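Nothing in this text is a laboratory measurement; each read-out follows from the coordinates by a stated rule. Only a predicted model underlies this, so the values are computations on that prediction, with no experimental measurement involved. Methodologically, a virtual Cβ is constructed for each residue, glycine included, from the backbone with ideal geometry; neighbour enumeration extends over all protein chains shown.
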Amino acid sequence: MTDLDEFIATIDLVDHHCHGLMPTDLTRAQFESLITESHTTHHRSHFDAPFGLMVRSLCAEILGLQRHCSADEYLARRSELGSERVARLMLTAAAIGDYLLDTGYQGSAITSVSEFAALANRPCYEIVRLEAVAEQVAQHSTATTFADDFLAALDNRAAHCLGFKSIIAYRYGLDFDPQPPTPREVAQAADQWLAASQQSGRYRLDHEVLLRFGLHACLTYRKPVQLHIGFGDSDIELQRCDPSHLTRFLRSTEDSGTTFTLLHCYPFIAQAGILSHVFSHVYLDVGLTVNYLGPSSERAVAQALEVAPFGKQLFSSDAFGLPELYAGGAMLWRRGLAKALNSWVEQGWLCEADAIRYAEWMARGNAQHLYQLPSGSQR
C-alpha cells in the first residue's frame, strides 16, 4: 500500500449530505425498500442489483460474514446483532468525522441530529430542507400571511443550521424561471396551493412559484444551498433534472454570497462538472451515485475528476435509514478516488504529495471551508 492509498483509506471524511437512521430492527421488505430509489417491487429481489453486490461483499465483512453471502444470511446476521450494534459497526467502518444531516425527509421516522450524534459519537449538524419548512408553515397559514410566515420560520431555522437544501428538481424541475417571484405572484400561488392542499389533506409543495420563492429567500443568509441533481426518487422527470437548466439561475446568483452544491449528479456528472468549473460559487459531489453503481462506481468518481476543479468537489453518502449506506458510500468513494489518483501518479501527471493534498481537499477540506466547520473536528 502506498502512502496515498493509506491516506485515502484512513482519512476521516466530512459527509456533507446525509440523513438519519431507522432506529429499529427491519423486516426484509423494509430493508429492501431502503436499498432502491423505486417505490415498487418486481419479481426479483433488490439485492440482485449493483447496490446488493456492495452489501453482500463489503458490508458483509463488516458484520463478520463471508463475502458474497446470501441475502438471507446477511439479514439473519443483521437481526442477530440488532439495529444499534449494526449501526455502530457500519459507522465505525465508514470513518466519517462530521455529518451534515438533512432533517426534512421523514424526520419523525429516523434519528434526529442529536440522536445520530450520540450514536455516531461524532459532530453532527443540520441542513434545513426548504420545502419541509413551507409544508409545516402551510398548515397554520393563509394566502395573505404565507410569505411572512415562511420567512419568519426560515429565519428561526437559519439560526441553528449550516445550510439549506431544495428538492425543486424533483417537485418541479430545474428549468424554472431564474428570477425571484413578486409578492403578488407569491400570494396568488399560496392561495392556489393552500386551497388544493386543504382539499386533499396533503401538504406537498410542488408549486413552481413557491419553490422559487423559498430558494431565493434563503440567499439572504449566505449559507450553502444543496440542490438535488439527476437520479433519485421515482417521481422525477429525469430530463428536467439536468443541471445545465440551472445556468441562468447560477449566473444571476454568482454575486449573492451564496454557494450551491450539486448533489449526486448521475447521469449528469459532466454537466455538473462544467458548472463547477465556470461558476465560482458551484460545488458538486457524486453522492448516492456510488452506492447504486456499486462495482461501477469507480467510473463515476473518475468522471467527476475530469473537469471539475479539485477544490470544488465534496464527499457525501446521501445515506437514509440504513447504516450500510454510510459504510458503502465511504468505502466505494475512497476506492474510486484512490484508483484515479494512483493512475495519475503512475502516469506522471502529478506527484504523490499533490495527490494527497487533493484527496484531503475532497475528503474534508473543501467541506470544512464551505460550511465553516472547525478544522480540528475529526478524530
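How would segment 174-279 be classified by its alpha-carbon gyration tensor: rounded, prolate or oblate, with rounded meaning a/c under 1.5 and the a/b versus b/c comparison settling the rest? Provide the component values of the computation, followed by the final result.
Working: a/c = 2.38, a/b = 1.40, b/c = 1.70.
It is oblate, given that a/c is not under 1.5 and a/b is not larger than b/c.
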(request) Rounded to whole Å and sorted largest first, list the principal axis extents of the Cα atoms in segment 191-230. (result) 36, 25, 14
(request) Calculate how steeply helix 269-278 sits against the longest principal axis of the alpha-carbon atoms of the chain, using the helix alpha-carbon long axis, and give the answer as 0 to 90 degrees to the nearest 10. (result) 70 degrees
(message) On C-alpha positions alone, give me the angle between the axis of helix 183-200 and the longest principal axis of the chain, in degrees, nearest 10.
(response) 70 degrees
(request) For segment 212-278 and segment 338-365, write down the distance between their C-alpha centroids in whole Å. (result) 27 Å
(request) Determine the principal axes of the Cα atoms in segment 118-256, then give the extent along each, sorted from largest to smallest and rounded to whole angstroms. (result) 42, 36, 34
(message) With n ≥ 4 as the cut-off for DSSP H runs, can you work out [θ] at 222 nm for the chain, using -39500 (n - 2.57) per run divided by the number of residues, rounded to the nearest 500?
(response) -13500 deg cm²/dmol
(message) I'd like the GluC sites (Glu not before Pro) in segment 24-83 restricted to DSSP loop residues with at most 14 other Cβ atoms within 10 Å, sorted by number.
(response) GLU37
(message) For a quick size check, give me the Cα extents of segment 299-375 along its three principal axes, largest first, whole Å.
(response) 42, 27, 20
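Considering only the chain, what is the antiparallel percent among its DSSP beta bridges, to the nearest 5? Display every interim value, and only then the final one.
Details: 0 of 24 bridges.
In the chain, approximately 0 percent of DSSP beta bridges are antiparallel ones.
Summarise the long-distance tail of P(r) for segment 19-163 by giving the % of C-alpha pairs beyond 20 Å.
Working: 6156 of 10440 pairs.
When all Cα pairs of segment 19-163 are counted, 59 percent exceed 20 Å.
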(request) Among SER252, SER33, SER316, rank each residue by its count of other Cβ atoms within 10 Å, from fewest to most, as a rough exposure measure. (result) SER252, SER33, SER316
(message) To make sure I understand, if each residue's beta carbon is the centre and we count other beta carbons within 10 Å, what order do THR41, THR247 fall in, fewest to most?
(response) THR41, THR247
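Using only the alpha carbons of segment 249-362, what is the convex hull's orientation-averaged projected area in square nanometres?
Numbers: hull surface 30.5 nm².
Over all viewing directions, segment 249-362 projects a mean Cα-hull area of 7.6 nm².
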(request) Between beta-carbons, use under 11 Å as the cut-off and find the net charge around GLU208, counting Lys and Arg +1, Asp and Glu -1. (result) -2
(request) Assuming R0 = 30 Å, can you tell me the calculated FRET efficiency for the pair ALA29 and SER200, based on Cβ-Cβ distance, to the nearest 0.05? (result) 0.65
(request) Order by neighbour count: LYS223, LYS339, fewest other Cβ atoms within 10 Å first, most last. (result) LYS339, LYS223
